[in-house]
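As C-alpha cells, the structure follows; a few thoughts come after it.
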Amino acid sequence: MASVPGGDRRRRVHVVSDVHGNVRDLARAGEGADALICLGDLVLFLDYADHSRGIFPDLFGTENAHRLVELRTARRFEEARAFGARLWADHGEDRATAIERAVRRQYAELFAAFPTPTYATYGNVDVPPLWREYAGPGTTVLDGERVEIGGWTFGFVGGGLRTPMRTPYEIDDEEYAAKIEAVGEVDVLCTHIPPEVPELVYDTVARRFERGSRALLDAVRRTRPRYALFGHVHQPLVRRMRIGATECVNVGHFAGSGRPWALEW
C-alpha cells in the first residue's frame, strides 16, 4: 500500500469522474488540494450533449453521430450496432486501429494534465492496457487496491458491469465483486459506478437506469466506510444520500461542470 505522509493538519482532496476529454479543466482540478482522485471515463467517444465532439463524429461526422445517439437513447442497441458496422465497413480502416490511435491522442493530453499526486481508477469507457503507457510518476493507478492519504484509507475499484452498450471496460459481476472484496474495509470507497440503488443509478436526461453494483451496495452496508464516491451516471435523480453510516456521493459529470468535488478531513 502506498501512502502520503500524514500529520495533524487538515487534508483536502479533489475528486473528479467522467472527464470525457475535458483537458482544460482537468489541468486546474487539483488546485488547492493535497491530491486529485479520478474515478475514470477519461475518453470521449461521443458527447451526447454536443454530437460534434468525440472520436465517433471525428471519424464519421455529426449527422451520423446524431443518428447513433437517437438509436442508443431509444435503446435500439442492435440497430445502433448495425448502423455503426455499416459505417466502419465503408471507412476503409480497421476499427480497432483507428479507435486506438484516437484514444492514444486523448490519453496523451489527459494524463499530461494530471497534477501530482493523482490517484486514478478506470471507467467503463477506458482502455486499461494503455494507462500503463501514459501514467507518469505522479499518477498512481489503482483497481481493487488501497492507498493511504493523510491518515485515511482509500479503496479503488474501476470499470463497469456488462451492458448492451458493450463499452471497453465492462466486466462480469463476479469479477467486480472480487475486486470489492479485495479492497476490504476502508475510510473512503472510490468506484466508477454507483451502488445499486434506484435513486443513484437513474439518469434523468437519458431516462434510463444505468448499471450499478449490488456487491458494492452490500460492501457499503457491511463495511460502513465514511464515504462512497462514484460517478458514471451523468444526471442522477439523487446526487447524495446516506446508506447507514456511509455518505454516498456522485462527484459529478466533470466533462460538463469542470468542477471537482472536494473532500476535507
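Accessible-area rank, largest first, for 208, 76, 95: 95, 76, 208, with all protein chains present and a 1.4 angstrom probe. Taking Cα centre as origin and charging only the Cβ of basic (Lys, Arg, +1) and acidic (Asp, Glu, -1) residues, the dipole magnitude of the stretch 49-182 rounds to 320 debye. Taking 0.36 nm per residue of separation and subtracting the Cα-Cα distance, full extension of the segment from residue 243 to residue 116 would add 42.5 nm. Evaluating 6.51 cos²θ - 1.76 cosθ + 1.60 at θ = phi - 60° for every residue in the stretch 119-134, the Karplus couplings come out as 10, 9, 10, 7, x, 6, 9, 7, 10, x, x, 7, 4, 4, 6, 9 Hz, glycine and proline recorded as x. Normalised per residue, the accessible area of the chain is 46 Å², obtained with a 1.4 Å probe and no contribution from ligands, DNA or RNA. Ratio to report: Rg/Rh of the stretch 24-66, with Cα atoms as the point set and Rh obtained by the Kirkwood method; give two decimals. Result: Rg/Rh = 1.17. Compute the distance from the alpha-carbon center of the stretch 107-151 to that of the stretch 176-233, in whole Å. Here the answer is 20 Å between Cα centres. Each of 143, 126, 172 has its accessible area taken with a 1.4 Å probe; listed largest first, they run 172, 143, 126. Ranked from largest to smallest solvent-accessible area, with a 1.4 Å probe on the protein heavy atoms, 122, 202, 107 come out as 202, 122, 107. The H on the amide N of residue 243, modeled in the peptide plane, is under 5 Å from the matching H of 248, each at least 5 residues off or on a different chain.
When a 1.4 Å probe is rolled over the protein heavy atoms, the share of accessible surface on the stretch 200-244 that falls to carbon and sulfur comes to 47 percent. Could you work out what % of the accessible surface of the stretch 1-75 is carbon and sulfur, using a 1.4 angstrom probe and leaving DNA, RNA and ligands out of the count? Here it works out to 45 percent. Across all directions, the average projected area of the convex hull around the alpha carbons of the chain is 13.2 nm². Between the residues 38, 171, 125, the greatest Cα displacement towards the positive end of the dipole of the chain, with unit charges on the Cβ of Lys, Arg, Asp and Glu, is found for 38. Relative to the current alpha-carbon distance between residue 86 and residue 222, full extension at 0.36 nm per residue lengthens the span by 44.2 nm. Taken about its Cα centre, the chain carries a charge dipole of about 560 debye when Lys and Arg each add +1 at the Cβ and Asp and Glu each add -1 at the Cβ. The heavy atoms of residue 9 present about 130 square angstrom of accessible area, all protein chains included, probe 1.4 Å.
Measuring only protein heavy atoms, the 1.4 Å probe finds residue 190 accessible over about 0 Å².
Net charge of the neighbourhood of residue 256, taken over other residues with C-beta under 15 Å away and scored Lys/Arg +1, Asp/Glu -1, is -2.
Each 10 Å bin from 0 upward holds the following percent of the Cα-Cα pairs of the stretch 124-195: 19, 48, 30, 4, 0. Residue 88 exposes around 30 Å² of accessible area when a 1.4 Å probe is run over every protein chain in place. Sorted largest first, the principal axis extents computed over the alpha-carbon atoms of the stretch 192-265 equal 32, 29, 16 Å. Classification of the stretch 55-96 by its C-alpha gyration tensor yields an oblate form. The axis ratio a/c (a ≥ b ≥ c) is 1.5 or more, and b/c is at least a/b.
Other residues with beta-carbon under 13 Å from the beta-carbon of residue 80 carry, at +1 per Lys or Arg and -1 per Asp or Glu, a net charge of +4. Relative contact order of the chain, taken over Cα pairs closer than 8 Å and 6 or more residues apart, is 23 percent. As a length-normalised measure over Cα pairs under 8 Å and 6 or more apart, the relative contact order of the stretch 54-171 settles at 20 percent. Taking Cβ atoms as reference points and 15 Å as the exclusive limit, the residues near residue 98 contribute a net charge of -1, counting Lys and Arg as +1 and Asp and Glu as -1.
The values are calculated or read from the model by the stated rules, or taken from the named source; none is laboratory data. Given the structure is predicted, the values throughout are model-derived calculations rather than measurements. Cβ atoms come from the backbone with ideal geometry, glycine included; neighbour counts cover every protein chain shown. For the accessible areas, the whole protein counts, side chains as well, though only heavy atoms, and no ligand, DNA or RNA atoms are used. Shrake-Rupley method; radii C 1.70, N 1.55, O 1.52, S 1.80 Å.
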